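These notes concern the structure reproduced below.
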Amino acid sequence: MLTTRLIFTFFLACAFLAAKPQETINNDFTCGGAVIMAVKTADGIVMVADSRLAYRSLQTQELLAYDDGIPKIFPLKKFALGISGEFSDGSSLIRKIVTDFDKSEPSYRTPEECLYKFGLFTRDNYPVYYKSLDTSTLICAGYGPEPMIAILLNGKTYPINQDLWASNVFKEIDSLHLFAINPETGSRKAAEIAANTMEQYIKAMHKENEAGSLFSVLKISSDNSWKWLKNDFTGNDYLTECEAATAIYNKQARLEFTSGDNKKLMMGYVKAIRKYCQQKNLK
């Protein structure tokens, strides 16, 4: 019998070929980024993520703007997901995709299986986003029943069973970077170490426009209950491209633009999306 990992890899490799096409609203820019870590500690698992979302031109790949205070850690009914990479399928944003996945009442026992089921769900319901999973980094963490971290990287899932943390930091150097941490370290101290490491990475790689700002910290306890230890940005993002474009147009969302020309370009995209959504009566 094929293992979950092999099945998941197979689906990522070829199943999207049979997926139904899905209309996209935005074909001009992509929103993504994120630096995320999951850390096993003496008193639980902590997930740490930056909160800067970058907007990049699909035509030139140039960074146009960025937005701060955006959630990148998403607690589920069981476990939690940390997501970097593409945050949209061109119409729905990642929060809607994750929310719909959680509402579908998926059955899974471990974080690795949770990632597998998330892959199947996106294949069937969000095929455009599904195609980007092999270039995104997802981390799932929780107790199933042992403390476990699983990472989806380059289209494959990897369980992290040691007392280590998993991260997408330094993926340019080593796509699955592991770092030893004292097993007696508490969650708050471990989160501080993780955030400091991420800040060093951002500065070393000159990615200040793409990642950074305040860091969120979520703690998962042994019964899979969770609480925010720092910076709960839940609700600062949007469900759809239409919602986001309207918020940006009405200056409810504050973007930092990388240049005056890029501001004109980005706002032109936003106005076009907003107009399309109004004509189609989309929200």
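The values are calculated or read from the model by the stated rules, or taken from the named source; none is laboratory data. Just so it is clear, the model here is predicted, and its values are computed rather than measured. All Cβ positions, glycine included, derive from the backbone under ideal geometry; neighbour counts span all protein chains shown.
Kindly check whether there is at least one residue in the range 168-191 that is at pLDDT 85 or above and aliphatic (A, V, I, L, M). Looking for residues that are at pLDDT 85 or above and aliphatic (A, V, I, L, M), one finds at least one in the range 168-191, hence yes. You will find that of Ser136, Ser132, the residue that is small (Gly, Ala, Ser), at pLDDT below 95, touching an Asp or Glu at 6+ places or on another chain (Cβ under 7 Å) and within 21 Å of Ala244 (Cα to Cα) is Ser132 and no other. Out of all the residues in the range 264-278, which are in contact (Cβ under 8 Å) with a residue 40 or more places away in the chain and more than 15 Å from Thr60 (Cα to Cα)? Within the range 264-278, Ala272, Ile273, Tyr276, Cys277 qualify. Within the range 216-273, the set of residues being closer than 29 Å to Ala38 by Cβ and aromatic (Phe, Trp, Tyr) comprises Trp226, Trp228, Phe233, Tyr238. The residue that is nearest to Gly33 (Cα to Cα), counting only those in the range 110-138 that are in contact with a Lys or Arg (Cβ under 9 Å, 6 or more places away or on another chain) and surrounded by fewer than 19 Cβ atoms within 10 Å (Cβ to Cβ), is Asp134.
Inside the range 189-220, can you point out the residues that are loosely packed, with under 15 Cβ neighbours inside 10 Å and over 13 Å from Ser51 (Cα atoms)? Asn196, Gln200, Lys203, Ala204, His206, listed by residue number. Is it the case that Asn224 is on the phi > 0 side of the Ramachandran plot and either touching a Pro at 6+ places or on another chain (Cβ under 7 Å) or surrounded by fewer than 16 Cβ atoms within 10 Å (Cβ to Cβ) (or both)? For Asn224, the condition - on the phi > 0 side of the Ramachandran plot and either touching a Pro at 6+ places or on another chain (Cβ under 7 Å) or surrounded by fewer than 16 Cβ atoms within 10 Å (Cβ to Cβ) (or both) - is not met.
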